[in-house]
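Before any comments, here is the structure.
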Amino acid sequence: MLTEEADRDRYAHDRLPFATFRAREGAKVGTLPRLVLRPATSDEVREIVNLAAKSDSPVIPYGSGSGVLGGIIPLQNELMIDMQRMNKITKFDAENNLVTVEAGMNGEAFEAALNAKGYTSGHLPQSLTISTVGGWAACRGGGQESSRYGKIENIVVGLKAVLPDGQILEVRPLPKRATGPSVLDLIVGSEGTLAIITEVTMRIWKVPSDEKALVLALPNRASALGLAKRIMQAGLHPRIVRLYDEKEAAGRVKGIAAFEERPVMANIVVCGDAPIVAAETELVRGFAREFDAVETETRPFDEWRATRYVSITKQWLDRGFYNDTIEVTVNWSQVNSLYETIAAKIAALHPDAHFSAHWSHVYPEGVCQYMTLRLPPMDQNVALPLHSLMWEIAEGETLAHGGSIAHHHGSGLFRGGWMDGEHGVGMDVLRKVKDAVDPANLFNPGKLGFATREGAVNPFQARGQNE
């Protein structure tokens, strides 16, 4: 148990950029946790929950604080439950390609343990080295190879979780079910508001024996997106598809002549047994010709892979910029319009406002658009309202284009204001579920668009918009 103020302060926020902006002025977005508890078993988590219920004390589960939406920020001195002592693989099932792991295990350690046995989790987020497996499931995360393996909700097939009444919920890991709505899906993505995940069972895959990386220069964004759509709708299973707009490609392709006339980049990686890799490589090359793409050296991809777990946002934040990222999803039919509309509106906000995007999670029906928004160092009283307007534009236009406001970062605290627009009547259903499962509102109150408790602080009192 941690009670000292300095220790509790480390748990007061995650990597939400807005919290970093406020910290520059010596301000907090929320409060300090009352204390930090560090259980080692599901039974100990249950004991904490039972004691919290008796004293009407709200609780927040904590993985390692790698989230960027404020999902673990306390708003009323909640109790923080640090899961990181629960950090072991408890069952490795090679026959069924399954692994059971405690929720607090570090992602890098988990993947390394699987690699040592010749397997991969298929879930490799940029935050791999600083996140936990339970955190992946709690925020419905996505890894950089999701186009092949799926997001975490496609990988988790069973779990154990503690409910607000102290009961332990178990979902057995089975291939498929037809037994009513999925309880598993209700918990995966609930961000600690409905249950505290203590253990997950996940699909695993043999590490691919072969792969081929292709770096392509394309004439424009539409052609790059068209190529990705062609690949996915043809039924291929690429390991990686990463498309960069002109701004994000520019710094990565210096010295490669092909990009002088074709400024948009696509990195495509296929993998598997050698015959499959050979066949998919030729198919990708054929599709690339349809979109006037030119194959180049693989240096840009090799350099990305070498630094794939390094946060670019942090580098800007450390220099005093107001840098943020927003990842949304949209169907292929709307992606070009969505990009152009957001780019134009953000450019009109401020002469130094930066907007760029890449697309690194692609599916047969659509794509995740991962946007970078940035303002230079300036007076925070000017910057925060502009930052808020950028979010309003990005999320509002996503909804107007029929998209989803989040792909893999989750919703946490910061996206609460758009949850009704996202779900419509479905948000009423989710609130009724929350009220039924957690009638005292003890589990991570105020997140996912759910209500805060009486007396909670206003987390956005300096934000300027969406309050």
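The values are calculated or read from the model by the stated rules, or taken from the named source; none is laboratory data. Since the model is a prediction, treat every value here as computed from it, not as a measurement. Don't worry about glycine lacking a Cβ; one is built from the backbone with ideal geometry, like all the others, and counts go over all protein chains shown. Keep in mind that these areas ignore ligands, DNA and RNA; they rest on the heavy atoms of the full protein, side chains included. Shrake-Rupley method; radii C 1.70, N 1.55, O 1.52, S 1.80 Å.
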Q: Working only within region 310-355, note down all residues that are touching an Asp or Glu at 6+ places or on another chain (Cβ under 8 Å) and hydroxyl-bearing (Ser, Thr, Tyr).
A: Thr313, Tyr339, Thr341
Q: Kindly indicate which of Gly122, Gly104 is within 18 Å of the chain's Cα centre (by Cα) and at positive phi.
A: Gly122
Q) Taking region 84-110 only, how many residues are surrounded by 18 or more Cβ atoms within 10 Å (Cβ to Cβ), in contact (Cβ under 8 Å) with a residue 40 or more places away in the chain and of a type in the set (A, V, I, L, M)? A) 4
Q: Among the residues of region 159-195, write down those that are without any contact (Cβ under 8 Å) to a residue 40 or more places away in the chain, under 18 Å from Gly135 (Cβ atoms) and open to solvent by 60 Å² or more (accessible area, probe 1.4 Å).
A: Asp185
Q: List every residue pair whose Cβ atoms sit under 9 Å apart, with the two residues 6 or more apart in sequence or on different chains, where the first one lies in region 1-14 and is within 12 Å of Gly30 (Cβ to Cβ) and the second, anywhere, is in a helix (DSSP H, G or I).
A: Ala12/Ala19; His13/Ala19; His13/Thr20; His13/Arg22; His13/Ala23
Q) Taking into account only those residues within region 196-232 that are touching an Asp or Glu at 6+ places or on another chain (Cβ under 7 Å) and assigned to a loop (DSSP other than H, G, I, E, B), which is least open to solvent (accessible area, probe 1.4 Å)? A) Pro219
Q | Scope region 233-263; condition buried (at least 18 other Cβ atoms within 10 Å of the Cβ), closer than 15 Å to His358 by Cα and among the charged types (D, E, K, R); matching residues | A | Arg242, Asp245, Glu248
Q | Where Arg24 falls short, out of the listed (1) farther than 30 Å from Ser209 by Cα; (2) open to solvent by less than 20 Å² (accessible area, probe 1.4 Å) | A | (2)
(Q) For the condition among the basic types (Lys, Arg), modelled with pLDDT of 95 or more and open to solvent by 20 Å² or more (accessible area, probe 1.4 Å), what is the one hit in Arg415, Arg453? (A) Arg453
Q | Failed item in (1) within 30 Å of Leu384 (Cβ to Cβ); (2) touching a residue at least 40 places away in the same chain (Cβ under 8 Å); (3) surrounded by fewer than 18 Cβ atoms within 10 Å (Cβ to Cβ); (4) aliphatic (A, V, I, L, M), with Ile72 passing the rest | A | (3)
Q | The one condition in (1) at pLDDT 95 or above; (2) closer than 21 Å to Arg140 by Cα that His13 fails to fulfil | A | (1)
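Please determine, by comparing only the residues of region 108-132 that are in contact with a Gly (Cβ under 6 Å, 6 or more places away or on another chain) and outside any loop (DSSP other than H, G, I, E, B), which one is farthest from Pro175 (Cα to Cα).
Keep residues of region 108-132 that are in contact with a Gly (Cβ under 6 Å, 6 or more places away or on another chain), which gives 123-125, 128, 131-132.
Subset that is outside any loop (DSSP other than H, G, I, E, B): 128, 132.
Working: Leu128: 26, Thr132: 24 Å.
Taking the candidates together, the pick is Leu128.
How many of the residues making up region 418-447 are of a type in the set (A, V, I, L, M, F, W, C), without any contact (Cβ under 8 Å) to a residue 60 or more places away in the chain and open to solvent by 30 Å² or more (accessible area, probe 1.4 Å)? If you could, list the steps in order and put the result at the bottom.
Here is the first cut: in region 418-447, the residues of a type in the set (A, V, I, L, M, F, W, C) are 418-419, 425, 427, 429-430, 433, 436-437, 440, 442-443.
If we keep only those that are without any contact (Cβ under 8 Å) to a residue 60 or more places away in the chain as well, we get 418-419, 425, 427, 429-430, 436.
Now drop any that are not open to solvent by 30 Å² or more (accessible area, probe 1.4 Å), which leaves 425, 429-430, 436.
Of the residues in that region, 4 qualify.
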